[in-house]
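A.B. asks: Here you go, one structure.
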Amino acid sequence: MKNMIEMRDIVKMFGPSCANDHISLSVKKGEIISLLGENGAGKTTLMNVLFGLCRRDSGSIAIDGVEMPVEYSPQTAIEHGIAMVHQHLKLVETFTVAQNVILGAETMVSRRLFRREKCERAVGALCSRYGMDIDPKSVVSALPLGAKQRVEILKALYRGCKVLILDEPTTVLTPQETDALFDLLRSFQAAGMTIIIITHKLHEVMAISSRVLVLRQGKAAAIFNTNETTQAELAATMIGKTLVKAQVSAQLHSHDCPPSVELRGLSTAAAGDACPLRDVNLNLYAGRIVGVAGVDGNGQTALVEVLAGVKKLSGGSIQIGAKEIKKNTSGTMRQEGIQIIPEDRHRQGLVLAFSVYENIMLGYRKDRRFVKDGVFRKAKARQFVSQLSNTFDIRPRDTGILVKRMSGGNQQKVVLARELSSPDVKIVVVSQPTRGLDAGAIQSVHSTLLKLREEGKTILLISSDLDEIKALSDEIAILYNGSIAVQRAAQGFADEAIGLYMGGGKEV
Amino acid sequence: MKSKLSRMQSGTLRELGRVAFAMLFAFAAGAVFLMAIGSNPLTIYGAIFAKAFGSFDSTLRRATPLMLSGLAIAIPLQTGMFNMGGEGQIIAGALTAAVVGASDLGLPAGLHAAAAIAAAMAVGAVLSGLPGLLKITRGANEVVTTLMLNSIVSYIVTWLVLNPFKGTDYSPQSKKILPAAEIPTFGKLDFSWGLLIALALCVLTHLFFRSTAKGLEMRAAGAGPAAARYLGINNKLLCLLAMALGGAVASMGGALEVLGGQHAYFDEFFTNYGFDGIAIAYMAGSHPLGIIVTALIISMIRVGALAISRTTGMSPYFVTMLQGLIIILLVTPRFAGTVLSLVRRRFPARKKEEGGAA
Ligand SMILES: Nc1ncnc2c1ncn2[C@@H]1O[C@H](COP(=O)(O)OP(=O)(O)OP(=O)(O)O)[C@@H](O)[C@H]1O
Ligand SMILES: [Mg+2]
């Protein structure tokens, strides 16, 4: 069959560093192919080049047999049938689904006027054709993440795309949502669409794609047929060595020591569509990891916000050691030694327009080692930051680079480096710490958390990845509809029981 | 380290190049306009620059409040706040300094001037702090409130100088300040030690934002408010503080001119000093050191403008148009790049030859 995409010897440089080093990729019509590679391997860049967002330095591209010029815009790419769903969704939050879908393609409705009903009907028809359960009239900000992503896909469909590029679509999805997405992708494939998907999860590569291109440090390391390879081989090709999975050595029961942090009856006022906390009771222990599992949108966000002190409590209190906190401000929570790794690293974790150095120093602006009389001691601070950059393997090592220019996974490492290296860490609250990280980075995050546990820190892990929760937690708590349904030892907490609590049921 | 330095320099150089390019283009466009109305651009521009360089001390004197007016925009902007009230803050500061300077406080020279400046800054801080407070407590848009305050302040100041603080019966001006409150000038030159204060403040502001913890906090509050909140930074307080600082600095500009130049407050004298500050801060990309340069540039064309009406009969508003053109060209993103690539496309052959030779 004819090749839908032909990328030959693509080179893309960012300054002196080479993000894509002579990469070739051909994709057949109607094929689903995966891109796999460590954080910063150049996957997003390669797709940006194809989509016309980045100008390639050399190499050639043909789409459906048409040779593309050296420089072309996403608009041109779209005209050639390419659509891209980005790693971080690009929707207008205050617009409705229909408005978002039509935006930029208005002339297809009418040459002059934007006709709302007509748009909504067109988008609604598209939804029902592919069995997507989305109301075109609903406002995007009110939708859960999985639905927002489907709106991005709707945009692509509306423009009649022949090639769909998805950059890490599953990182923000629950397993159920991922399954639904894959079903959808298979139906697109059946309709003749070509799909390129980026993911860090090896089992997803095996499940959805027929071939996989593995990138390593900007080069094409290998290309495999998924039915002729194994997950272990993929992982080894990707990082150049084999991985050992981090796992909590021996899960400990918590009854034998008093809790270091007690959350008592935490409640927050309902605001918008986010789930508030409703009487959350949870005990945390020094030297233990308590994992909070649950379907996204059951109060995880509010829980982290409360502990970070950015959302006010409407009831309840937080007992840390001998201190009882009722008015939680971010200042006091930090003073108690709470470090936060928030779920939305772009907004809550980082100042994107700042450099790595500045982002890290923001967390150490009161540290006597680096600040004297309110003025930074630059030499010491710089040395410290580059040391962290080494320990956390932040790439590139140049700490003056702006964080917005880094790959998603390396951005997360900056947050981790800042939050987990302070000497006065007592309590660590981590929310979705490994979203978007590659297998190697996930392992290093996990071993960092385990090291903190060894050191006797109190750790609260919130994750929608159940495997992560099970591998790391001493105790598992399940958040359902804004309150803790159950908290118990991880050992012997069967998957079925966990699933039951997550769905709002109870064991009998 | 070395690469970092060169990267910084190339960034700054590119910025400077962009400003220079916009200015050249604006002057060229202005020349076309002048020719269209039958004037000789060379005479006009010649007159402007002859005056600006000929009385460079006047240029420096005018640049003093302009630098501070630019800082008054740039400081709040770091926290994401817009202080459009420079116009009112400058005149309020000027009048305050004139009134304090004219009252007999029994203070020695120097201290009296310092007291007048401090009083002016306090008034300025209140004038910009109030909109700041309304913003953080009630969400009132500070662009609107500061702009509105300009008119209110301007009428109040006019009334004050015509009534309680009247200096003469013939013109709207305040009493002359006491000699102890005067800021000395450099010999017979037009500018005073106030220039050094303004320069020092620009440098200090730069150091503050680059090297101090509070400065970093303020920039974070502006560039990433959510992340700043998670890090325990009190954004609202910092926004308020930055606004107050902005107003204080603007008022100081007015005070320096009164104490070091006019020695009394003359109504209407400071027209447009505040709005020029917006242009100055914008051209400098809000960089405190860049503001020194852009304030000088704006000061030059403003001083030069005074000359053209006298020597050539051209309206001084011509330079306002020129200034507007510069700003428009600067805000047009990638304007310079587009022009350059057009030029390159027109003369591709020569470029190839160069490439071949190299
Ligand atoms: N605009 C940019 N300016 C400078 N460097 C960049 C830019 N965009 C990407 N890079 C660099 O190019 C490299 C490849 O980045 P890319 O985003 O393609 O990685 P990725 O494979 O998508 O990683 P991840 O899995 O973390 O998303 C990284 O080292 C990154 O720092
Ligand atoms: Mg990426």
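A.B. asks: Relative contact order of segment A:200-239, please, whole-number percent, based on alpha carbon pairs below 8 angstrom and at least 6 residues apart.
C.D. replies: Numbers: 42 pairs, mean separation 16.1, N = 40.
That works out to 40 percent.
A.B. asks: If each residue's Cβ is checked for other Cβ atoms within 10 Å, how do A:Ser330, A:Ser267 rank with the fewest at the top? All intermediate terms of the calculation are to be shown ahead of the outcome.
C.D. replies: Numbers: A:Ser330 23, A:Ser267 18.
Neighbour counts put them in this order, fewest first: A:Ser267, A:Ser330.
A.B. asks: Separate question: Along the Cα→Cβ direction, 7 angstrom out, place labels at A:Glu455 and A:Asp373. What is the inter-label distance in nm?
C.D. replies: 3.2
A.B. asks: Translational diffusion coefficient of segment A:99-226 at 25 °C, 0.890 mPa s, Stokes-Einstein with Kirkwood Rh over Cα pairs, in µm²/s as a whole number.
C.D. replies: Values: Rh = 16.2 Å.
Answer from the Stokes-Einstein relation: 152 µm²/s.
A.B. asks: For segment B:76-124 and segment B:13-58, what is the separation of their C-alpha centers, rounded to whole Å?
C.D. replies: 34
A.B. asks: Okay, moving on. Count, for each residue of A:352-364, the Cβ atoms from other chains sitting within 10 Å of its Cβ, then give me the mean as a whole number. Don't skip to the answer; put the middle values down first.
C.D. replies: Details: counts 3, 5, 6, 1, 0, 0, 4, 5, 0, 2, 12, 2, 1.
Going residue by residue through A:352-364 and averaging, the value is 3.
A.B. asks: Could you list the square roots of 5 times each eigenvalue of the Cα gyration tensor of segment A:297-354, that is, the equivalent ellipsoid semi-axes, sorted largest first and rounded to whole Å? List each step's numbers first, then the result.
C.D. replies: On the way: eigenvalues 97, 41, 16 Å².
Semi-axes (√(5λ), whole Å): 22, 14, 9.
A.B. asks: Hey, got the dipole for segment A:3-239? About the Cα centre, +1 on K and R Cβ, -1 on D and E Cβ, debye to the nearest 20? Intermediate values should be presented prior to the final figure.
C.D. replies: Details: 26 positive and 25 negative charges, 145 e Å.
With only Lys, Arg, Asp and Glu charged at Cβ, the dipole is about 700 debye.
A.B. asks: If you don't mind, another one. Among A:Asp135, A:Asp373, which comes first, then next, by fewest other beta-carbon atoms within 10 Å? Let's see the in-between values first.
C.D. replies: Values: A:Asp135 15, A:Asp373 6.
Ranked by crowding around the Cβ, least crowded first: A:Asp373, A:Asp135.
A.B. asks: Run down the lysines and flag those whose C-alpha is under 25 Å from the C-alpha of A:Lys378, throwing out any fewer than 8 positions away in its chain.
C.D. replies: Of all the lysines, those that pass the test against A:Lys378 - Cα under 25 Å, at least 8 places apart if same chain - are A:Lys366, A:Lys404, A:Lys413, B:Lys2, B:Lys4, B:Lys214.
A.B. asks: Please tell me the relative contact order of segment B:174-250 in percent, rounded to the nearest whole number, where contacts are Cα pairs under 8 Å and at least six residues apart. Let's see the in-between values first.
C.D. replies: Numbers: 36 pairs, mean separation 10.6, N = 77.
That works out to 14 percent.
A.B. asks: What's the Kirkwood radius of the protein assembly as shown in Å, using all Cα pairs?
C.D. replies: Working: mean 1/r = 0.0323 Å⁻¹.
Roughly 31.0 Å, rounded to one decimal.
A.B. asks: May I have the extent of the alpha carbons of segment B:35-98 along their three principal axes, as whole Å values ordered from largest to smallest?
C.D. replies: That gives 45, 29, 18 Å along the principal axes, largest extent first.
A.B. asks: Shifting gears a bit: Label segment B:75-206 by shape, choosing from rounded, prolate and oblate, from the square roots a ≥ b ≥ c of the eigenvalues of the Cα gyration tensor; if a/c is under 1.5 it is rounded, and otherwise prolate applies when a/b is larger than b/c, oblate when it is not. Display every interim value, and only then the final one.
C.D. replies: Details: a/c = 2.28, a/b = 1.37, b/c = 1.67.
Oblate shape, in that a/c is at least 1.5 and b/c is the bigger or equal ratio.
A.B. asks: Any idea what angle helix B:235-257 forms with the longest principal axis of chain B, computed on alpha-carbon atoms, 0 to 90 degrees, nearest 10?
C.D. replies: Between helix and principal axis, roughly 80 degrees.
A.B. asks: Under a point spin-label approximation (7 Å from Cα along Cα-to-Cβ), what is the B:Phe33-A:Ala190 distance to one decimal in nm?
C.D. replies: The two pseudo-label positions are separated by 6.6 nm.
A.B. asks: Over segment B:2-347, what is the mean sequence separation of C-alpha contacts under 8 Å (at least six apart), divided by residue count, expressed as relative contact order in percent? Working shown, then result.
C.D. replies: On the way: 591 pairs, mean separation 116.1, N = 346.
Result for segment B:2-347 is 34 percent.
A.B. asks: How big is D for segment A:306-454, in µm² s⁻¹ as a whole number, if Stokes-Einstein is applied with the Kirkwood radius of its Cα pairs at 10 °C and 1.306 mPa s? Walk me through the numbers on the way to the answer.
C.D. replies: Values: Rh = 16.1 Å.
For these conditions, the coefficient is 98 µm²/s.
A.B. asks: How big is the gap, in Å, between the Cα center of segment A:134-208 and the Cα center of segment A:358-429?
C.D. replies: After rounding, the separation between the Cα centres reads 35 Å.
A.B. asks: Per residue of chain A, what 222 nm ellipticity follows from adding -39500 (n - 2.57) for every DSSP H run with n ≥ 4, rounded to the nearest 500?
C.D. replies: Details: 16 runs with 161 residues, N = 508.
Using -39500 (n - 2.57) per qualifying helix, the result is -9500 deg cm²/dmol.
A.B. asks: Tell me whether segment A:3-239 comes out rounded, prolate or oblate; compute the Cα gyration tensor, take square roots of the eigenvalues as a ≥ b ≥ c, and use a/c under 1.5 as the rounded threshold. Intermediate results must be reported in sequence, preceding the final value.
C.D. replies: Numbers: a/c = 1.94, a/b = 1.44, b/c = 1.35.
Prolate, since a/c reaches 1.5 and a/b exceeds b/c.
A.B. asks: Restricting the calculation to Cα positions, tell me the Rg (one decimal) and the Dmax (whole number) of chain A in Å.
C.D. replies: 23.8, 72
A.B. asks: When averaged across all projection directions, what area in nm² does the alpha-carbon convex hull of segment A:168-244 cover?
C.D. replies: Numbers: hull surface 23.0 nm².
Approximately 5.7 nm², given one-decimal rounding.
A.B. asks: Further question: Where does each of B:Thr158, A:Thr458 land when they are ranked from fewest to most other beta-carbon atoms within 10 angstrom?
C.D. replies: Details: B:Thr158 15, A:Thr458 24.
Fewest to most other Cβ atoms nearby, the residues stand as B:Thr158, A:Thr458.
A.B. asks: Return the long-range amide H neighbours of A:Ala490 (sequence gap of 5 or more, or a different chain), with a cut-off of under 5 Å between placed amide H atoms.
C.D. replies: A:Glu475, A:Ile476
A.B. asks: Could you give me the radius of gyration and the Dmax of segment B:2-347, taking only the C-alpha atoms into account and expressing both in angstrom?
C.D. replies: Rg then Dmax for segment B:2-347, in Å: 21.1, 72.
None of the figures in this text is laboratory data; all of them are computed from the coordinates on show. All values derive from a computational prediction rather than experimental measurement. Neighbour counts are summed over all protein chains in view; Cβ atoms, including those assigned to glycine, are modelled from backbone coordinates with ideal geometry.
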